[in-house]
Structure formats: C-alpha cells, structure tokens
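Visitor: Sharing a structure, written as structure tokens. Questions coming.
Every number here is computed from the coordinates shown, using simple stated rules; none is lab data. Keep in mind that this is a model prediction, so the values were computed, not measured. Cβ coordinates were reconstructed from backbone atoms using ideal geometry, including for glycine residues, and neighbour counts include every protein chain displayed.
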Amino acid sequence: MSENRAVRRRSVVAGAGAIGMLAACSSYGDDGSDTEATTASTPATTETTTGTTADATPAGTELGPTSDVPVGGGKIFPTEKVVVTQPTAGTFQGFSAVCTHQGCTVSSVKSGEIICNCHQSHFSAADGSVVSGPAKTALPSKTVTVSGDAIYLA
C-alpha cells in the first residue's frame with residue numbers, strides 16, 4: 001500500500017514539473033517577441049517611406065490616416081500590436097506596442113514618450129529606446145510606410 005502512495009506522489013511531482021516547464025516556455029505576447037532577458041539591447045530604428053505616389057498602394061495592412069498621428073505624439077493600434085509616432089512633421093516611426101518588460105501593451109504616447117502603464121516603463125517616441133524602466137530594452141521597430149494620407153504596416 002505504501003508503494004502505491006509513493007508512485008502516486010511521484011506522478012504528481014512529475015506532472016507538476018512538466019507544467020512548470022511548459023509555463024517557463026510560454027511568452028507574454030503572441031507576436032513572437034522575446035522577453036526582456038533575451039531582447040536585443042540596441043535602440044530600435046525604423047525605415048520610413050513618405051510621399052509615395054498616390055496611384056500605388058503599398059503592400060501591408062492599412063492602419064489609418066496620417067492625421068490620426070499627431071506631431072510629437074503617436075497612436076497605438078492594439079489589434080496590430082504596433083504604435084506609430086510622428087516625432088517631427090512628416091516623419092513616421094513604427095514600434096512594437098508590446099512592452100519589453102513583461103509583455104503588456106503600451107497604453108499612451110505623451111510628451112514624446114511611449115508609456116506602458118503596467119509598470120511605468122517609458123520609451124522614446126523618436127527611436128523606441130528606454131527613457132525610464134523597469135524595462136531595460138528598446139521597443140522593437142516595425143516598418144511603416146505612408147502613401148498619400150494613409151499609414152501602412154509592412
């Protein structure tokens with residue numbers, strides 16, 4: 001009888017270990033981005049294309065009109081998990097909207113900073129670099145293009 005209890009305990013412990021291993025392999029975002037410990041530490045940069053011909057429609061997902069992104073500010077597109085900023089007039093930058101600290105979606109863009117309200121990480125709206133933590137790595141860049149008055153995510 002005591003042998004059966006030992007086997008059951010081992011099964012429970014082994015099962016708990018397998019669940020722990022699965023949890024350790026999971027990630028916070030489903031966009032393929034890594035957590036803070038494995039994300040590159042270089043500031044994010046984005047190639048921006050502006051003023052392409054009105055007849056050509058770029059490949060990618062249309063996010064919305066350029067008028068939705070104020071100069072010196074930005075707009076978060078939660079469905080696409082991207083934040084688009086316009087640090088200077090006519091220059092649009094794209095970054096992942098998934099915070100590199102613990103995977104929350106950033107919540108606002110104010111005064112030239114992208115802010116994550118989960119733990120108060122602040123990132124530069126110009127290049128995605130960390131302004132203040134607890135995040136230690138920049139927001140990954142996303143390629144955005146402008147065609148006419150529309151912004152597209154490549």
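Visitor: Six or more apart or on different chains, Cβ under 9 Å: which pairs go from a residue in region 64-83 that's in a loop (DSSP other than H, G, I, E, B) to one that's among the aromatic types (Phe, Trp, Tyr)? Could you list them?
Guide: VAL69/PHE92
Visitor: Can you tell me which residue in region 96-154 is surrounded by the most Cβ atoms within 10 Å (Cβ to Cβ), limited to those that are touching a Leu at 6+ places or on another chain (Cβ under 7 Å) and not in a strand (DSSP E or B)?
Guide: It comes out as THR100.
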